Structures are given as structure tokens and as C-alpha cells.
Amino acid sequence: MSKFNLKLIISILYVFVLVLFTNRLDHGYFSKILYDSEQKYLAQYNLNELYRNFSLKKRSLDSSRTSSSTYTNGEIEKLLLNIEAIKLSHLASREINEIRGHYNTLSKLEASALRNDEILLNKSELKTLLDQILVKIEGLVETVYDESTSLVPSSHYSGAGKLLLNVELVFVLILGSIIQLIIIWKPNEE
């Protein structure tokens, strides 16, 4: 095998490695976008379930069924923990903390009403608190939805991410071209 054929094979292998490297760069970027969108979907699902459970709690308050209210407390606690475990924006995290605070107040009121049989006295206060929680959840759902729709344009590259990826690709192509020239270049022999 001639020296030129060996250089040609090395060149082709090097181009293959460059293509593989640039694909890995793209893969890392798109993996992050995919992870973020999955987290937003999970948050939306849990928020919808949370809204449904608080609505059930409000209906059970109207019908004076405490057994279903106790059942939804466990579900609500689980959903709140699931939502808190998801990486959300600062604004969304603050809103979920407010919902958590309202829920803790609601739980204390329910417990005192059950102990002292004061359900009729606290019913309007409980309804008001439930309405506040439902409004907060609606606002949080809208916030998470807005954040998830902002991911769609960024999936086609965005701002600094696009610039950084372009700089990396140009650097890899220039470096690849220089190395290709070094491999194939045949100095004049005198």
C-alpha cells in the first residue's frame, strides 16, 4: 500500500471522527432540551391532578364528606412533593411554596374543625382558602405552560446556545481542515 493511500484512509477516518464529534455536540444540546420539556410536561400533569384533588376537596366540603377529604389530603401531599422535586423556574417555585403554605393552613383548619366539631364555623373560611389555592394553581399552570412553550423555539437553537454551538462547530471544522492538509500535504522533495 502506498504512502498516499495510507494518508487517504487516515483522512477519511479523521473526517468520520469529526462528524461523530459534531453529532455528539448536537446530541448533548438536544438531550437537555428533551429533559427540560419532559420536566415541564410532568409538572403540568401533576398540577392538573393537584387542581382536581383540591376541587374534590371543595366538593366534599359542600357535601360534608370527611372521608374523601382525608383521602385527597394524602394525594395532595404526594402531588405537592412530586411538583417540588421538579426543577422549576424561580417564579414557579415561589408559587408552589405559596400553594404549600395555603395547604398547610387548610390542613390545620380542617384538623381543628374535626377535633372541635366546628365545621360550620370554619366552612366559609375553608372555602375561601380553597378558592385561593385553586386560583394559585391556575396561575402556576399558566406559568409552567408559558415556560414550556418557550422551550419550542429553543429546540431549534437559541441565543447563547446557538452561538456557542456554532463557534464549536467552526472551530472543529477549521481544526479538521488544518489536520487534513497536514495529513495529505506532500512536501516538495528536492
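The values are calculated or read from the model by the stated rules, or taken from the named source; none is laboratory data. For clarity, every value in this text was computed on a predicted model and none was experimentally measured. Every residue, glycine among them, receives a Cβ derived from its backbone with ideal geometry; neighbour counts consider all protein chains shown.
Taking the conditions exactly as written (crowded, with 18+ Cβ neighbours inside 10 Å, among the hydroxyl-bearing types (Ser, Thr, Tyr) and modelled with pLDDT of 70 or more), does residue 128 satisfy them or not?
On the way: crowded, with 18+ Cβ neighbours inside 10 Å: no; among the hydroxyl-bearing types (Ser, Thr, Tyr): yes; modelled with pLDDT of 70 or more: yes.
So residue 128 does not fit the description; no.
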What single numbered condition from (1) farther than 13 Å from residue 57 by Cβ; (2) modelled with pLDDT of 85 or more; (3) among the β-branched types (Val, Ile, Thr) fails to hold for residue 149? (2)
Among the listed residues 143, 105, identify the single one that is under 19 Å from the mean Cα position of the chain (by Cα), modelled with pLDDT of 85 or more, polar (S, T, N, Q) and over 30 Å from residue 11 (Cβ atoms). 143
Only one of 26, 36 is surrounded by fewer than 15 Cβ atoms within 10 Å (Cβ to Cβ), of a type in the set (D, E, K, R) and under 30 Å from residue 171 (Cβ atoms). Can you tell me which? 26
Does the stretch 79-87 contain at least one residue that is of a type in the set (Val, Ile, Thr) and either loosely packed, with under 15 Cβ neighbours inside 10 Å or closer than 30 Å to residue 168 by Cα (or both)? no
Surrounded by 17 or more Cβ atoms within 10 Å (Cβ to Cβ), modelled with pLDDT under 80 and among the hydrophobic types (A, V, I, L, M, F, W, C) - does that describe any residue in the stretch 51-66? yes
